[in-house]
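**Student:** This is the structure I have questions about; it appears just below.
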Amino acid sequence: MDYKPDEMMTVAAARALKNSDVCFVGIGAPSAACNLARLTHAPDITLIYESGTINTKPNVLPLSIGDGELCETALTTVSVPEMFRYWLQGGRITIGFLGAAQLDKFGNINTTIVGDYDSPKVRLPGGGGAPEIAVSCGEIFITLKQTPRGMVDKIDFVTSFGFGKGGDERERMGIKTKGPSRLMTDLAIWEPDPVTKEFTVTSLHPGVTRAQMAETVGWEIKYADSVAETPPPTEEELTVLRDLKARTAAAHGGKTA
Amino acid sequence: MAKFQSLHDAVAENIRDGDTVAYEGFTHLIPHAAAHETIRQKRRDLTLVRMTPDLIYDQLIGMGCARKLIFSFAGNPGVGLLRRLRDSVENGWPHKIEIEEHSHAAMANAYEAGAAGLPCAIFRGYLGAELKRVNPNIKSVTCPFTGEELAAVPAMNPDVGVIHAQKADRQGNVLIEGIVGVQKECILASKRSIVTVEEIVDDLNPHPNACVLPHWTVTSIAQVTGGAHPSYAQGYYPRDNKYYIDWDPIAADRDAFLAWMEENVLKVGPEIFASRVEGL
């Protein structure tokens, strides 16, 4: 089956999740990936959205973090203070799944502003739950499309902390969780180097060249000693993903998902 | 003791120029009708508090009601950015508002501390996050038992808390169901409060652990059917996701925005909301 790069991205992101995971889901690309995982290889995964819905099984992707679909299909719904205090801060969540407007090679994320904070060129939405998700979940998965504007050498604002300037900075700050452990894009899978913590390409999606990679990333890319080729989406993965997106588009009144 | 009033009177009596007002509802039960009434009554210099400013703050800011915004996520969820908020922050139209920005965890903890009568909230937060640099209200404290450094923010105690809920009974006890967000904390933390409800019933029939605000914790109640639209009321009508998507081009243009506000807010009253949720 033919597929688009963003479908490969969602599939690669979904595959990173295990059936036993308890996952805090960011809206947008992470939400599609988490629900694809649930509808394919990880039927028992616990998905949690910051609106307080625990173990939710939406039939269509929510447009917002708090669509009624999430509450109606959840095991239980708790208040937002309880969600952040007992469940996130309490250390009960294994994976935080985040997107990013800007990302650097050490997994630090900016979703706050482009330009200067006091007189921004673009005022982005801000952090929401992400600053605490980034340090309270067992580990962090990130998914976004590779663009030179998105994957930059220096982000304009550290909304959510990854590895800072790399190495052991995270431990030195007293943060006990693992931090960003995988990055799934439309072109590749990246993992942090065990020592420097710089994101390193470990797998290229089928047909992706290193020249294409260089054009879409604002820093000099490091590759692992042996770079794998990501298996293409299976027919099942693509069918389930497209059905989910079609149901979602119909439910949201014709939005192209 | 909750007072039953028209929405007009509830807003007129409780919300004053210069007040700090929190219109809460986490995606669900956002009090749109109450915000529109505030716009019609031309309140000015408000400090608006809300975790997720959403369309209602885009509208309040674009209509010049706000002096300051305290928030943690300012987007049109799943659609994009809040264009009236951006125009204020980036270009000063209609004027530049002051910003106090937090994370969700900080805001939720601040409301909880406000409800609990504490001066501040303490939590494990903002580690490595740059908001600490730009927001002087984010400080830290050292745990006296373990020595761990924790984040601290001031308790949130608005002058007025405004929420929408499913029902009130005739005594003014209020029932909230579904995604309950920070609404209970917001009302308990606020000096005065306005609750709009879908309906007023003889008996709430709450289960023992339901989210209920006793009548003596609420200042004013106004019945507004559909009063959360385009947000939703679980059990009554779903979120109008198409409306959220359609808002983007309206908010993108100052003239289109003002024309829309004239037609859909200034020229109508709260009774219009019932027709907006019909057939959803």
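**Student:** State yes or no: is A:Thr196 touching a Cys at 6+ places or on another chain (Cβ under 8 Å), surrounded by 14 or more Cβ atoms within 10 Å (Cβ to Cβ), under 30 Å from B:Ala151 (Cβ atoms) and modelled with pLDDT of 95 or more?
**Tutor:** Judged against the criteria, A:Thr196 is not a match.
**Student:** So, one more: Please find, within region B:208-232, the residue that is farthest from B:Arg192 (Cα to Cα) out of those that are β-branched (Val, Ile, Thr) and either within 14 Å of chain A (Cβ to nearest Cβ) or over 17 Å from the mean Cα position of the chain (by Cα) (or both).
**Tutor:** Selected residue: B:Thr225.
So that you can scan it fast, the table gives a plain yes or no per residue for (1) polar (S, T, N, Q); (2) touching a helix residue (DSSP H, G or I) at 6+ places or on another chain (Cβ under 8 Å); (3) closer than 20 Å to B:Gly62 by Cβ:
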site: B:Val201; (1), (2), (3): no, no, no
site: B:Asn205; (1), (2), (3): yes, no, no
site: B:Gln223; (1), (2), (3): yes, no, no
site: B:Asp248; (1), (2), (3): no, yes, yes
site: B:Ala252; (1), (2), (3): no, yes, yes
site: B:Leu280; (1), (2), (3): no, no, no
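**Student:** Out of all the residues in region B:64-111, which are touching a residue at least 60 places away in the same chain (Cβ under 8 Å), of a type in the set (A, V, I, L, M) and at the interface with chain A (Cβ under 8 Å from one of its Cβ atoms)?
**Tutor:** Those that are touching a residue at least 60 places away in the same chain (Cβ under 8 Å), of a type in the set (A, V, I, L, M) and at the interface with chain A (Cβ under 8 Å from one of its Cβ atoms): B:Val79, B:Leu82, B:Ala108.
**Student:** If I filter region A:3-39 down to residues being closer than 23 Å to A:Ser64 by Cβ and among the hydroxyl-bearing types (Ser, Thr, Tyr), which single residue comes out as surrounded by the fewest Cβ atoms within 10 Å (Cβ to Cβ)?
**Tutor:** Here the residue is A:Ser31.
**Student:** Look through A:Ile54, A:Ile93, A:Ile65, A:Ile48 and report the one residue that is at the interface with chain B (Cβ under 8 Å from one of its Cβ atoms) and β-branched (Val, Ile, Thr).
**Tutor:** That would be A:Ile65, the only listed residue that is at the interface with chain B (Cβ under 8 Å from one of its Cβ atoms) and β-branched (Val, Ile, Thr).
**Student:** Identify all residues within region B:112-135 that are facing chain A (nearest Cβ under 9 Å) and part of a loop (DSSP other than H, G, I, E, B); write none if there are none.
**Tutor:** Within region B:112-135, B:Arg124, B:Gly125, B:Tyr126, B:Leu127, B:Gly128, B:Ala129, B:Glu130 qualify.
**Student:** So which of A:Gly91, A:Gly66 is within 26 Å of B:Ile122 (Cα to Cα) and modelled with pLDDT of 95 or more?
**Tutor:** Being within 26 Å of B:Ile122 (Cα to Cα) and modelled with pLDDT of 95 or more holds for just one of A:Gly91, A:Gly66, which is A:Gly91.
**Student:** Looking only at region A:28-54, count how many residues are assigned to a loop (DSSP other than H, G, I, E, B) and touching a residue at least 40 places away in the same chain (Cβ under 8 Å).
**Tutor:** Number of matching residues: 3.
**Student:** Which numbered condition in (1) away from every other protein chain (no Cβ under 14 Å); (2) in contact with an Asp or Glu (Cβ under 7 Å, 6 or more places away or on another chain) is the only one that B:Val182 fails?
**Tutor:** Exception for B:Val182: condition (1).
**Student:** Please pick out the residue among B:Val224, B:Val180 that is surrounded by 24 or more Cβ atoms within 10 Å (Cβ to Cβ) and in contact with a Pro (Cβ under 6 Å, 6 or more places away or on another chain).
**Tutor:** Selected residue: B:Val224, the only one of B:Val224, B:Val180 that is surrounded by 24 or more Cβ atoms within 10 Å (Cβ to Cβ) and in contact with a Pro (Cβ under 6 Å, 6 or more places away or on another chain).
**Student:** Within region B:136-175, how many residues turn out to be assigned to a strand (DSSP E or B), within 18 Å of B:Arg50 (Cα to Cα) and aliphatic (A, V, I, L, M)?
**Tutor:** 5
**Student:** Select, from A:Val135, A:Val201, the only residue that is at pLDDT 95 or above, of a type outside the set (Lys, Arg), more than 17 Å from A:Leu98 (Cα to Cα) and under 20 Å from the mean Cα position of the chain (by Cα).
**Tutor:** When all the criteria are applied, what remains is A:Val201.
The values are calculated or read from the model by the stated rules, or taken from the named source; none is laboratory data. In this text the structure is predicted, and so the values were computed from the model without any measurement. Heads up, the Cβs are rebuilt from the backbone with ideal geometry, glycines too, and the neighbour counts pull from every protein chain shown.
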